[in-house]
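Accompanying notes for the structure given below.
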Amino acid sequence: MKRKLFILVAVLVLSTVILAACGGGAPAETEPEPPAEYAGKTNPFSNQAEAATAGGALFAERCSSCHGATGLGDGPAAAALDPKPADLATTASEFEDDFLFWRIMDGGAMAPFNSSMPAQKGILTEDQVWQLVTFIRTLGK
Ligand code: HEC
């Protein structure tokens with residue numbers, strides 16, 4: 001009798017493990033690729049201290065209200081937003097230059113982001129957006 005119970009429990013445990021291994025649960029989230037006009041672009045000011053300083057000034061002026069002074073996503077406007085501003089200090093290192101450039105240029109008023117992140121295209125120059133990318137890459141370091 002005891003033996004039968006043991007086998008029953010073993011089968012139950014095993015099938016749970018097998019089911020979980022066979023892709024139960026949601027697929028891993030993947031970020032969308034930048035559109036063709038941005039794809040493959042790289043930062044001309046990568047790791048340049050002057051560009052990081054210029055980008056820092058732009059960030060304080062145009063981004064920190066939402067993303068926070070150090071990019072943690074904790075700016076004064078953040079509490080009221082849904083979705084919340086990204087924690088750039090953590091996420092920036094996960095993204096390629098072209099992704100960051102695209103997101104700053106075009107903002108969040110598009111699927112799948114649908115956020116209040118404002119577009120900078122037509123407001124900042126491409127050079128200024130790259131300066132922001134340079135600065136963002138210094139966050140969290
Ligand atoms: C009104 C608030 C607001 C302002 C101002 C703002 N953002 Fe955002 N930002 C957001 C929100 C909300 C998200 C998260 C949703 C999304 O991805 O659109 C976001 C996402 C991002 C992302 C994508 C990163 C990720 O982890 O997905 C980048 C890069 C970014 N912001 C950079 C900037 C920069 C640089 C500025 C200044 C030029 C700026 N943001 C200004 C609200 C803001």
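If I go through segment 111-128 residue by residue, how many of them are more than 8 Å from the ligand (Cβ to nearest atom) and either part of a helix (DSSP H, G or I) or more than 15 Å from the chain's Cα centre (by Cα) (or both)?
The total comes to 8.
Restricting to segment 89-100, give me the number of residues that are under 20 Å from PRO32 (Cβ atoms), open to solvent by less than 80 Å² (accessible area, probe 1.4 Å), more than 7 Å from the ligand (Cβ to nearest atom) and of a type outside the set (Phe, Trp, Tyr). Quick ask: steps written out before the conclusion?
We begin by selecting, within segment 89-100, every residue under 20 Å from PRO32 (Cβ atoms); these are 90-100.
When the remaining residues are screened for being open to solvent by less than 80 Å² (accessible area, probe 1.4 Å), the result is 90-92, 95, 97-100.
The next check asks that each one be more than 7 Å from the ligand (Cβ to nearest atom); those that pass are 90, 97-99.
Okay, now just the ones that are also of a type outside the set (Phe, Trp, Tyr), so 90, 97-98.
Going through segment 89-100 one residue at a time, the tally reaches 3.
Return the total of residues in segment 59-88 being more than 10 Å from the ligand (Cβ to nearest atom) and in a helix (DSSP H, G or I).
From segment 59-88, those more than 10 Å from the ligand (Cβ to nearest atom) are 68-70, 72, 74, 76, 79; that's our starting set.
Subsequent filtering for residues that are in a helix (DSSP H, G or I) retains 79.
Here the count works out to 1.
Which ones in segment 68-82 are more than 12 Å from the chain's Cα centre (by Cα) and either on the phi > 0 side of the Ramachandran plot or open to solvent by less than 60 Å² (accessible area, probe 1.4 Å) (or both)? Quick ask: steps written out before the conclusion?
We begin by selecting, within segment 68-82, every residue more than 12 Å from the chain's Cα centre (by Cα); these are 68-70, 74-82.
Scanning segment 68-82 gives GLY68, GLY75, ALA77, ALA78, LEU81.
Among the numbered conditions (1) more than 16 Å from the chain's Cα centre (by Cα); (2) free of Cβ contacts under 8 Å to residues at least 40 places away in the same chain; (3) assigned to a helix (DSSP H, G or I), tell me where ILE104 comes up short.
(1)
Looking at ARG103 and the list (1) surrounded by fewer than 20 Cβ atoms within 10 Å (Cβ to Cβ); (2) near the ligand (Cβ under 8 Å from one of its atoms); (3) charged (D, E, K, R), which single condition is not satisfied?
With (1) surrounded by fewer than 20 Cβ atoms within 10 Å (Cβ to Cβ); (2) near the ligand (Cβ under 8 Å from one of its atoms); (3) charged (D, E, K, R) applied to ARG103, the lone miss is (1).
I'd like the full set of residues that are under 14 Å from PRO32 (Cα atoms) and either among the hydroxyl-bearing types (Ser, Thr, Tyr) or open to solvent by 40 Å² or more (accessible area, probe 1.4 Å) (or both), limited to segment 107-128.
Of everything in segment 107-128, those that are under 14 Å from PRO32 (Cα atoms) and either among the hydroxyl-bearing types (Ser, Thr, Tyr) or open to solvent by 40 Å² or more (accessible area, probe 1.4 Å) (or both) turn out to be MET110, ALA111, PRO112, ASN114.
Quick check on segment 36-47. Is at least one of its residues open to solvent by less than 50 Å² (accessible area, probe 1.4 Å), within 24 Å of PRO118 (Cβ to Cβ), within 19 Å of the chain's Cα centre (by Cα) and at pLDDT 95 or above?
yes
The values are calculated or read from the model by the stated rules, or taken from the named source; none is laboratory data. As the structure is a computational prediction, the values presented were derived from the model and not from experiment. All Cβ positions, even for glycine, are placed from backbone atoms using ideal geometry, and neighbour counts span all protein chains on display. Side chains included, ligands, DNA and RNA excluded: accessible areas come from the protein's heavy atoms. Shrake-Rupley method; radii C 1.70, N 1.55, O 1.52, S 1.80 Å.
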